[in-house]
Every structure is written in C-alpha cells, then in structure tokens.
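Notes for the one structure printed next.
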Amino acid sequence: MSERLTLPVLPLRELVLFPGVTTPIGAGRPGTVRAIEAALATTDKFILTLCQRDNTEQVTSEGLYTIGTIARIAQVQRGLSGMQVLLHGEKRAIAMHMTERDGFLEAIAREAEEMAPLNSEDAAFVGLYREVRQRAAELGHKSGLPEEVVQQVLSSTSEPGRFADLVAGYIDVSAVQRQALLETLSVEERLRRVLVHVQRQISVLDAQEDIKSQVQEELGERQREMFLREQLKQIRKELGEEDEADELDELKTKLAELNLPPEARKEVDRELGRLERIGRESMETQVIRTYLETIAELPWTNRSEEHLDLKAASTILEEDHYALGDVKDRVLEFLAVRQLKQAEDKAARTEREAREEKVEAAKDTELTMTGEFEPAKLAQPKKVAGNKDDKAKGPILLFIGPPGVGKTSVAKSIARSMGRKYVRISLGGARDEADIRGHRRTYVGAMPGRIIQGLKQVGTKNPVFLLDEIDKLGVSFQGDPASALLEVLDPAQNDTFVDHYLGVPFDLSEVLFICTANFVQNIPGPLLDRMESVEFSGYTEGEKRIIAQKYLIPRQLEENGLRDRQVTLTDDALSDVISEYTRESGVRQLEREIGKLARKVARKIAAGEVSGPVTVTKESVDEMLGRAKVHPEKAAREDQVGIATGMYYSPTGGDIMFVEASTMRGKGELVLTGQLGDVMKESARAAWTYARSHAAGLRIADEMFDRDVHIHVPAGAIPKDGPSAGITMATALVSALSGRPARHDIAMTGEITLRGRVLPIGGLKEKILGGVRAGITTFIIPKDNEADLVDLPKEVRQRVAIHPVSELGEVLALTLRGASFKEGRLLFGDDNPRDVAPLSISYPH
C-alpha cells in the first residue's frame, strides 16, 4: 500500500486535472488562496486538487469528489483579485479523510494505483492504443492545431495510461464525464472511454464543418447578390430612377392613407414590420411587397356615384337594344327599387344627422344651465330600416337565354344607366376554386381570385360585375368553383368575403353581380337559389330585320371602311340572309354574314369594279355568299296519312319537325327510330296504348294492331328528347292506323297521358316563332299554356290562330281531315254520336 500524505485541498469548479497535464487556474476564494499558500510553504509544493460536485461558493468536504490529482504548483502570479496558478498533475490520489485547518481544507490522501492490462503485448490492447493515438491526432488536426504541435503532444508520452490522461485533459466533455475518466483506474477501460469521447468529438466537428460550408456557400451567394444589388442601385441612381427606399416610403404612405377595416389594418402592419426586418436580400421581400401593393390598389372605400334616373335608363336601354320588352321592364323595375331605397337611405341619414345635432345642442344647453347632462331625458331615436351602413343590397340577377340575344350587352347598358363602372369575367371552363377565392400566399406565384382582381382592375367597390357563362363551370380535383360562388352571390354573406390571398375580409355587398347562362339546368340548385332569373328569348325575323338595320349594318359598314359610302341592303336581301344563311335565336351569325357582304362590297369598290352608290339585292346575296347554308324545315305542301307536324325548342331557337308513322305486316310491335331519347320513346308508347285502348272511338280496325308500326322522326343524326312531342306522335299514329290524312297546315305541341290528357310544356314562344318561320299559322297548344301567349309579339299574335286543348280528342278533331269532337266523341262526316264510342274518360280535376 502506498504511503499516506497530508496535503492542502484545492477545490476546482467545473474542472478536472489529469496526471501529466499542465493547466492554469484562477484562485480568488479565501480558503483556496490559503490552501495554495500552505502548499507553497512546503518543499515539494504539492496540493490535492478535487472537483466540486456542485458549482457552489461554499466548499465542504461532502461537496467534493474523493478521487482527485496530486499536483505540483509550478508558477504563481498574485494580483488584486486573487492569484493565477499554473498546476502540473502528478498522480491520482484518494482522499481518505478531510478536515478544516486555518480556514482551508486539508486531506489525508494516498496514491490511487492504476490497473495495468494483463498483457500489454496483446493484439487487442495494442490495436486499441494505436486507434486512440490516430483518432487523437485526427481530432487535433480537425481542431485547427498545427501539425508540429500535434506531433509534439503525441510524442511526449508513450505510456498508454498517461496518454489516455493527456487526451482526456484536452477533449471537450463535461466535468462529470472528466471525473468519470479520472476515476477509471483500469488503463484499458480508460482508453476505450477516451476513444468513444474522441470519436464523438470528431463527429461533432465534421457536422460543424458541413454546416459551416453550407453557411459559407449561402453567405457567398447572398454577398454576391448584395454586391450586385448595390451595383444596380448605383446604376439606377445614375439613370435618375427612384431609390427603393423612396418606393417603400411611398408604399407606407399609401397604406397609411387607406381606411382599412381593423383586421386588414392589423395584417398590413404585421407584413410591413416583416418587410422592414428581413431586408431586401431575402426571398420573402418580393412576396410581401406584392401582397402589400395588392392591398394598396384595392378599392376599400372608393365608390362610383350612382345616377338612378329611370327616364335616362329607359332611353339608354332603348338606344342600345331593340325588342326584349320583358327584360327591359325587369331591369327598370330593379333600378326603380334601388332608386327608392337610395332615397329612403338618404332621408334616414339626414334625419339621423339632424337628431345628432339636436342632441349636441341640448347637451350644451343643459350643461350651461345645470352643469349636468342626462341623455335619458332625450327621446330615443326611431329605428329606421336600412340605416345599417346605408348599403343598398339588391338581388343577384341571372340572365338566361340562347347565345347572341344580348345578355352581355344589357349588363353593359345597366352599368351605363346607373353611372357605375363595368367589369366582366368569363367563367366558362373554370374548374379551380382558386379562380374565385385566390391562392394562399404560401404557394409560389400566388395571386388573388378573379373577383378581387376584377375589383382591383376597375378601381371601385360598387361596379356592375358580370359573371359570364356561369353554367359552364367545371369541377376537378382542385375544387368546385360553383361552391365557392355561393358566398360571393349571397347578399347576406358577401360583406365579409375572404380571398385566400388577402387573408382578410373584403366587402362585396355593394357590388351589383349579374350572371349569364345558356342552360339553367347546368347551374347547381343552391347557386341558382341565390339568383333571380330573367329569361331572354329569341328574336323573330321581323325583330332581327330591325336590329340589323339599326345596329348591325351600320356597325359592319364602319368596321369595313364603308361608312361614308352609299351602300344599302334591300329588305328582300336582308330577309334572304336571315332565313337562308342563319339559323339562331340571336343575331351573331347574322352580323357575321352582313360583315361578309360588306367585305365583298369593299373588295369590289377597292378594285374599281363598281363606282357610286351600291345596292345589295337578293340576287347579289346569292352571288356574294354562295348557296344557302341553312335548310330549315318548311310546312308540308299537302295532307298525308301518318305524317304530323310538331314543334321543338333548342338553345338556338324553335322550329318544326315531322313525325312519320307507317304500318306493315308483323306481330303488332312498335318500332321507334330517329335517335329518340327515353322520354320521347315513352311518349310514343303512351300514344300506342291510347290508340289500342280507344280503337273503337278512333275507328281503327282490330286487325291493324296485329301489324307492326314504325314511328320515325327525321334528322336521325340529331339526338332528340322531351315530352312535348306526345300529341304529335299520337296524331301521326292514329292517322296511320285509321288511314285518315293529317292536316299539313297545323303544328302542335303538348305532352299526353294514357287517359288522353294534354299536359303543359315549356318554350312555347320559341316554338310558335319557329313554326311561323316555317310558314305555319295554325297551332295547337295545351290549355294550361294559354297564359304564355302574352309573351308572343303583337304582330305574331295577329297573324296566327291558336287552339288550346285539354284532351287528345280535341287534337284529333283539329288535325284529322273531316273530323269533329262532340260530347266526348270523335265524329267523321254524318256519324251519329250515339253510335260512336266516347274517347273522354272522367278524371279528377
């Protein structure tokens, strides 16, 4: 056992001294200074260094580890605040007993003997020792030590235990881990632990180096960008352009002048703060700046002053559009309501201001007389409807009709008559919700939705906003724009519309939204419920002629350089163009054909082929436009068995069609051709059942039902469907089975039931107009559609004969030659009603 030594104790805070390691320490505590002085008084100048368990000012024997290092004091430098001591570790020691003496701790210690390896020549131990030396050298190089220093330290000792202590003294580990290494007496185990710490330190340095390289690379790019920006700044300065700082100040001023809602003001202030903090070199700068510029350009409070004059509005509508009487009436009613609400709001505002002035005056008087004011003594103001924000919220209009009838131009006229600005967006093919609500700013290239972009473009918050082709919205995995429109087109919700790009509410309640559509069935139900429909029907040939003379011909002459030349189009020529070269409800194709005529005339004038006034006749139309492009159905020339004339309606307008029925030998089957839809096939089967069940009353022989019946609707390449051809199919079928010819000068429409009732249908106006164009003047319609005749133009009502019917017997009496309908029986010639089976079947009304 080694000898025991009595040594002064030097307590160390967060420091462990290893044998063979020299380190400087600072001593300032009185007990520490006295212990150093006691050690200096001895010959060997030995002192026992022990690490404190906790970093405390007060030192006790319990707060010190028991294993430490006997050190020699190599050098001392005294100062005003203590002393600097250079210690050199000699050997490990164990404090057996500690006592306090003359204000410092003194310990009885003995040397701690190391546990040498069992075989120092063992390959595993030698390999471990070499690995520690190599890793220690690598750590020194990575730490930035010069090569000669590393080699000097490594060559200073060759004993494994001392080498482990030397490396442990320089690695960056905690005091607890250092103390654990000091207390490890086994040399081999100490080498292993030191190797683990060295390898971990190398990994940390490698990671730091990678991070440093990335940072240096990024800083290099940023420094290059900053350098280029400074150069650009100097170039702009030489060119006399404004400085970026001035532009930012200008943006701040513009944003400060805006009267923003609290939510928007909070967001703008937050983004401005971010813009000032991150600097110009950041990638976020342009994103934030674009957002703030968008906010600054939106019309938060800018409004167009309305001029609601019904007489002026009526004049504008008459100037811009011919016909469309119902549409004009609805628009004028809409404007009249807004005018009255505006007047009511103005009166309420005036009354409120007068009441406030009265309150102020009463307040001043009472304060002067009594020094007190009691608001409760004043009469409470009446609640006036419509006072809230003085906003006139009106319905959302939906213009429904075929193409080219003036839906978009009527919206422009509404804006002009109200004195508001006009903005239009087309929703045809839009299939992304972001088209309406915008993109969130987290996406690259984000932008506001088309609603906000339209308001930004027009610069006012109360424009007339046309949403064109709303029935042609699409749906995709990116969302349903029709669902996003539910909030936009709801007057109760759109005052807090939140665009994803803005992220703050924007008031759309003062915008007058007008939507257009061709097919109402393509609009989702909840969206359609938010709009008030205004139907646009097709023009008659007479209306098209007047529209062409008043609007289309002058416009095409001007566009083709013929305004100042005497070019006229005769009425016959114009009628020929309308009937032979166009087939539509509107006038777009008509304008294109007139433009084609104008270009032909312009070419002849430019070539010198004609001089002086030019008159375009019907013969000239055939020569310039070529053969007729449209071959509409015309009324049949004579009565025929099994052929009846019906009417149909499509988005391009109304027209007539023929239903043909023929019998042949067979098994009593019904054959249907002509690309008929399911509803049309069901109408044919209902007519077949009616004919079989009333064969006696219809004078149809029983053997006729053993023959096959073929019903065909010509134009087989065109799909057809709908219930309105029911009475037409029944007429053709009964005519074929009874052998009696059907009249060729009557067109009919109506749905039938198995009992023979005639049910109402839609599109009556367009169907009758199509029949008139085909040369028919006598029509059969359902009794329940009689009220729809008021939609017909007056000149058409004067030219046609209308027969409202309620059951199929009345139809057959009108369409079959020589037939009459009396007492519920279909009679031919001199038939006695008592000898004929009745067709009518009683049914509840």
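The values are calculated or read from the model by the stated rules, or taken from the named source; none is laboratory data. Since this is a predicted model, take the numbers as computed values, not measurements. Note that each Cβ is placed from the backbone with ideal geometry, even for glycine, and that neighbours are counted across all protein chains shown. Ligands, DNA and RNA are excluded from the accessible area calculation, which covers all protein heavy atoms including side chains. Shrake-Rupley method; radii C 1.70, N 1.55, O 1.52, S 1.80 Å.
Given the structure, is F163 aromatic (F, W, Y), at negative phi, in contact with a Gly (Cβ under 9 Å, 6 or more places away or on another chain) and assigned to a helix (DSSP H, G or I)? Spell out how you get there, then give the answer.
Numbers: aromatic (F, W, Y): yes; at negative phi: yes; in contact with a Gly (Cβ under 9 Å, 6 or more places away or on another chain): yes; assigned to a helix (DSSP H, G or I): yes.
Yes: the conditions hold for F163.
Please work out which residue is modelled with the lowest pLDDT, limiting yourself to segment 652-668 and to residues that are open to solvent by 50 Å² or more (accessible area, probe 1.4 Å) and touching a Pro at 6+ places or on another chain (Cβ under 8 Å). Spell out how you get there, then give the answer.
Within segment 652-668, the subset open to solvent by 50 Å² or more (accessible area, probe 1.4 Å) is 652, 660, 662, 664-665, 667.
Those still in the list that are touching a Pro at 6+ places or on another chain (Cβ under 8 Å) too: 652, 660.
On the way: T652: 66, E660: 94.
The residue in question is T652.
Looking only at segment 636-649, which residues are open to solvent by less than 30 Å² (accessible area, probe 1.4 Å) and either more than 18 Å from M729 (Cα to Cα) or assigned to a loop (DSSP other than H, G, I, E, B) (or both)? Write out each step before concluding.
At the first step, the residues of segment 636-649 found to be open to solvent by less than 30 Å² (accessible area, probe 1.4 Å) are 636, 642, 644-647.
Residues satisfying the conditions are A636, G642.
Restricting the search to segment 33-50, which residues are touching a Phe, Trp or Tyr at 6+ places or on another chain (Cβ under 7 Å) and within 20 Å of T66 (Cα to Cα)? Don't jump to the end; show me each part of the working.
So the first thing to find is which residues in segment 33-50 are touching a Phe, Trp or Tyr at 6+ places or on another chain (Cβ under 7 Å), and the list is 34-35, 38-39, 50.
Selection gives A35, A39, L50.
Given the options R200, R224, R178, R229, name the one that is open to solvent by 90 Å² or more (accessible area, probe 1.4 Å) and more than 42 Å from the chain's Cα centre (by Cα).
The unique qualifying residue is R200.
Looking only at segment 91-125, how many residues end up being open to solvent by 50 Å² or more (accessible area, probe 1.4 Å), over 18 Å from E189 (Cβ atoms) and in contact with a strand residue (DSSP E or B) (Cβ under 7 Å, 6 or more places away or on another chain)? Write out each step before concluding.
Step one: of segment 91-125, the residues open to solvent by 50 Å² or more (accessible area, probe 1.4 Å) are 91, 96-97, 99-102, 108, 110-111, 113-116, 118-124.
Now restrict to residues that are over 18 Å from E189 (Cβ atoms): 91, 96-97, 99-102, 108, 110-111, 121.
Next, only the ones that are in contact with a strand residue (DSSP E or B) (Cβ under 7 Å, 6 or more places away or on another chain) stay: 91, 96-97, 99, 108, 110-111.
Counting residues in segment 91-125 that are open to solvent by 50 Å² or more (accessible area, probe 1.4 Å), over 18 Å from E189 (Cβ atoms) and in contact with a strand residue (DSSP E or B) (Cβ under 7 Å, 6 or more places away or on another chain) gives 7.
For segment 246-292, name all the residues that are of a type in the set (S, T, N, Q) and either open to solvent by 60 Å² or more (accessible area, probe 1.4 Å) or over 22 Å from V498 (Cα atoms) (or both). Steps first, answer last, please.
So in segment 246-292, the residues of a type in the set (S, T, N, Q) come out as 253, 259, 282, 285-286, 290.
Answer for segment 246-292, where residues must be of a type in the set (S, T, N, Q) and either open to solvent by 60 Å² or more (accessible area, probe 1.4 Å) or over 22 Å from V498 (Cα atoms) (or both): T253, N259, S282, T285, Q286.
Going by what's in this entry, would R178 be described as in contact with a Leu (Cβ under 7 Å, 6 or more places away or on another chain) and closer than 25 Å to P11 by Cβ? Before the answer, list the steps.
Details: in contact with a Leu (Cβ under 7 Å, 6 or more places away or on another chain): no; closer than 25 Å to P11 by Cβ: yes.
When the stated conditions are applied, R178 does not pass them.
Criterion first (in a strand (DSSP E or B) and either buried (at least 16 other Cβ atoms within 10 Å of the Cβ) or under 60 Å from the mean Cα position of the chain (by Cα) (or both)) does L128 satisfy it? Working first, answer last.
On the way: in a strand (DSSP E or B): no; either buried (at least 16 other Cβ atoms within 10 Å of the Cβ) or under 60 Å from the mean Cα position of the chain (by Cα) (or both): yes.
Criteria not met by L128.
With E543, E593, E558, E584 as the choices, which residue is touching a Leu at 6+ places or on another chain (Cβ under 7 Å) and either part of a helix (DSSP H, G or I) or in contact (Cβ under 8 Å) with a residue 40 or more places away in the chain (or both)? Give the steps one after another, and end with the answer.
On the way: E543 fails: touching a Leu at 6+ places or on another chain (Cβ under 7 Å); E558 fails: touching a Leu at 6+ places or on another chain (Cβ under 7 Å); E584 fails: touching a Leu at 6+ places or on another chain (Cβ under 7 Å).
Selected residue: E593, the only one of E543, E593, E558, E584 that is touching a Leu at 6+ places or on another chain (Cβ under 7 Å) and either part of a helix (DSSP H, G or I) or in contact (Cβ under 8 Å) with a residue 40 or more places away in the chain (or both).
Filter segment 452-490 down to the residues that are surrounded by fewer than 16 Cβ atoms within 10 Å (Cβ to Cβ) and not in a helix (DSSP H, G or I) and list them by number.
G459, G474, V475, S476, F477, Q478
Is it the case that L139 is in a helix (DSSP H, G or I), in contact with a Cys (Cβ under 9 Å, 6 or more places away or on another chain) and either at pLDDT 85 or above or not β-branched (V, I, T) (or both)? Step through it out loud before you land on a result.
Numbers: in a helix (DSSP H, G or I): yes; in contact with a Cys (Cβ under 9 Å, 6 or more places away or on another chain): no; either at pLDDT 85 or above or not β-branched (V, I, T) (or both): yes.
Answer is no for this residue.
Since I781 meets every condition but one in (1) within 15 Å of L812 (Cβ to Cβ); (2) assigned to a strand (DSSP E or B), which condition does it not meet?
If we test I781 against (1) within 15 Å of L812 (Cβ to Cβ); (2) assigned to a strand (DSSP E or B), just (1) comes out false.
Take the residues of segment 390-410 that are over 27 Å from K346 (Cβ atoms), open to solvent by less than 10 Å² (accessible area, probe 1.4 Å) and modelled with pLDDT of 90 or more: which is farthest from the chain's Cα centre (by Cα)?
V410
Within the group G697, G750, which residue is within 23 Å of I776 (Cα to Cα), out of contact with any His (no Cβ under 7 Å at 6 or more places or on another chain) and either open to solvent by less than 10 Å² (accessible area, probe 1.4 Å) or in contact (Cβ under 8 Å) with a residue 40 or more places away in the chain (or both)?
On the way: G697 fails: within 23 Å of I776 (Cα to Cα).
So the residue among G697, G750 that is within 23 Å of I776 (Cα to Cα), out of contact with any His (no Cβ under 7 Å at 6 or more places or on another chain) and either open to solvent by less than 10 Å² (accessible area, probe 1.4 Å) or in contact (Cβ under 8 Å) with a residue 40 or more places away in the chain (or both) is G750.
For T60, all conditions in the list (1) closer than 26 Å to Y170 by Cβ; (2) β-branched (V, I, T); (3) open to solvent by 10 Å² or more (accessible area, probe 1.4 Å) hold save one; what is the number of the exception?
Among (1) closer than 26 Å to Y170 by Cβ; (2) β-branched (V, I, T); (3) open to solvent by 10 Å² or more (accessible area, probe 1.4 Å), the lone unmet condition for T60 is (1).
For segment 15-29, check the following and say yes or no: at least one residue is of a type in the set (F, W, Y), open to solvent by less than 30 Å² (accessible area, probe 1.4 Å) and closer than 18 Å to L182 by Cα. Spell out the reasoning first.
First, the residues of segment 15-29 that are of a type in the set (F, W, Y): 18.
Pick out the ones that are also open to solvent by less than 30 Å² (accessible area, probe 1.4 Å) and you get 18.
Narrowing the set further to residues that are closer than 18 Å to L182 by Cα leaves 18.
Yes, that holds for at least one residue.
Within segment 411-443, take every residue that is among the charged types (D, E, K, R), under 17 Å from Q453 (Cβ atoms) and out of contact with any Ser or Thr (no Cβ under 6 Å at 6 or more places or on another chain) and give me the one that is surrounded by the fewest Cβ atoms within 10 Å (Cβ to Cβ). Lay out the reasoning, then the answer.
Taking segment 411-443 first, the residues among the charged types (D, E, K, R) are 412, 416, 420-421, 424, 431-433, 435, 437, 440-441.
Restricting the remaining residues to those that are under 17 Å from Q453 (Cβ atoms) gives 421, 424, 432-433, 435, 437, 440-441.
Next, only the ones that are out of contact with any Ser or Thr (no Cβ under 6 Å at 6 or more places or on another chain) stay: 424, 432-433, 435, 437, 440-441.
Details: R424: 18, D432: 18, E433: 21, D435: 23, R437: 25, R440: 12, R441: 18.
Checking each candidate, the answer is R440.
Every residue in segment 131-158 that is open to solvent by 80 Å² or more (accessible area, probe 1.4 Å) and either in contact (Cβ under 8 Å) with a residue 40 or more places away in the chain or within 20 Å of E183 (Cα to Cα) (or both), please.
K142
Out of everything in segment 411-433 that is over 23 Å from K311 (Cβ atoms) and β-branched (V, I, T), what residue ends up being farthest from the chain's Cα centre (by Cα)? Spell out the reasoning first.
Of the residues in segment 411-433, the ones over 23 Å from K311 (Cβ atoms) are 423-433.
Now narrow it down to the ones that are β-branched (V, I, T): 423, 425.
Values: V423: 19, I425: 14 Å.
Filtering first and then ranking leaves V423.
Look at E62 and say whether it is acidic (D, E) and touching a residue at least 24 places away in the same chain (Cβ under 8 Å).
Values: acidic (D, E): yes; touching a residue at least 24 places away in the same chain (Cβ under 8 Å): no.
Judged against the criteria, E62 is not a match.
Quick one: which of L48, L10, L15 is of a type in the set (A, V, I, L, M) and over 19 Å from Q77 (Cβ atoms)? Walk me through it before giving the result.
Working: L10 fails: over 19 Å from Q77 (Cβ atoms); L15 fails: over 19 Å from Q77 (Cβ atoms).
The match here is L48.
Criterion first (surrounded by 14 or more Cβ atoms within 10 Å (Cβ to Cβ), touching a Leu at 6+ places or on another chain (Cβ under 6 Å) and farther than 25 Å from R162 by Cβ) does A35 satisfy it? It would help to see each step written out before you state the result.
Details: surrounded by 14 or more Cβ atoms within 10 Å (Cβ to Cβ): yes; touching a Leu at 6+ places or on another chain (Cβ under 6 Å): yes; farther than 25 Å from R162 by Cβ: yes.
In short, yes.
Of (1) at pLDDT 90 or above; (2) hydrophobic (A, V, I, L, M, F, W, C); (3) out of contact with any Phe, Trp or Tyr (no Cβ under 7 Å at 6 or more places or on another chain), A715 satisfies all except one. Which?
(1)
Out of the residues in segment 315-324 that are over 13 Å from M418 (Cβ atoms) and in contact (Cβ under 8 Å) with a residue 60 or more places away in the chain, state the one that is most open to solvent (accessible area, probe 1.4 Å). Break it down into steps so the answer makes sense when it comes.
Here is the first cut: in segment 315-324, the residues over 13 Å from M418 (Cβ atoms) are 315, 318-324.
Still in the list and also in contact (Cβ under 8 Å) with a residue 60 or more places away in the chain: 320-324.
Details: D320: 54, H321: 16, Y322: 73, A323: 25, L324: 20 Å².
Among residues in segment 315-324 that are over 13 Å from M418 (Cβ atoms) and in contact (Cβ under 8 Å) with a residue 60 or more places away in the chain, the one most open to solvent (accessible area, probe 1.4 Å) is Y322.
All but one of (1) out of contact with any Leu (no Cβ under 9 Å at 6 or more places or on another chain); (2) over 19 Å from M98 (Cα atoms); (3) hydroxyl-bearing (S, T, Y) hold for T23; state the number of the condition that does not hold.
(1)
Across segment 557-602, what is the total count of residues that are open to solvent by 60 Å² or more (accessible area, probe 1.4 Å) and among the aliphatic types (A, V, I, L, M)?
0
D54 fails exactly one of the following numbered conditions: (1) under 24 Å from E183 (Cβ atoms); (2) in a helix (DSSP H, G or I); (3) open to solvent by 50 Å² or more (accessible area, probe 1.4 Å); (4) not small (G, A, S). What is the number of that condition?
(2)
Among F536, F506, which is in contact with a Lys or Arg (Cβ under 7 Å, 6 or more places away or on another chain), crowded, with 20+ Cβ neighbours inside 10 Å and not β-branched (V, I, T)? Quick ask: steps written out before the conclusion?
Values: F506 fails: in contact with a Lys or Arg (Cβ under 7 Å, 6 or more places away or on another chain).
Selected residue: F536, the only one of F536, F506 that is in contact with a Lys or Arg (Cβ under 7 Å, 6 or more places away or on another chain), crowded, with 20+ Cβ neighbours inside 10 Å and not β-branched (V, I, T).
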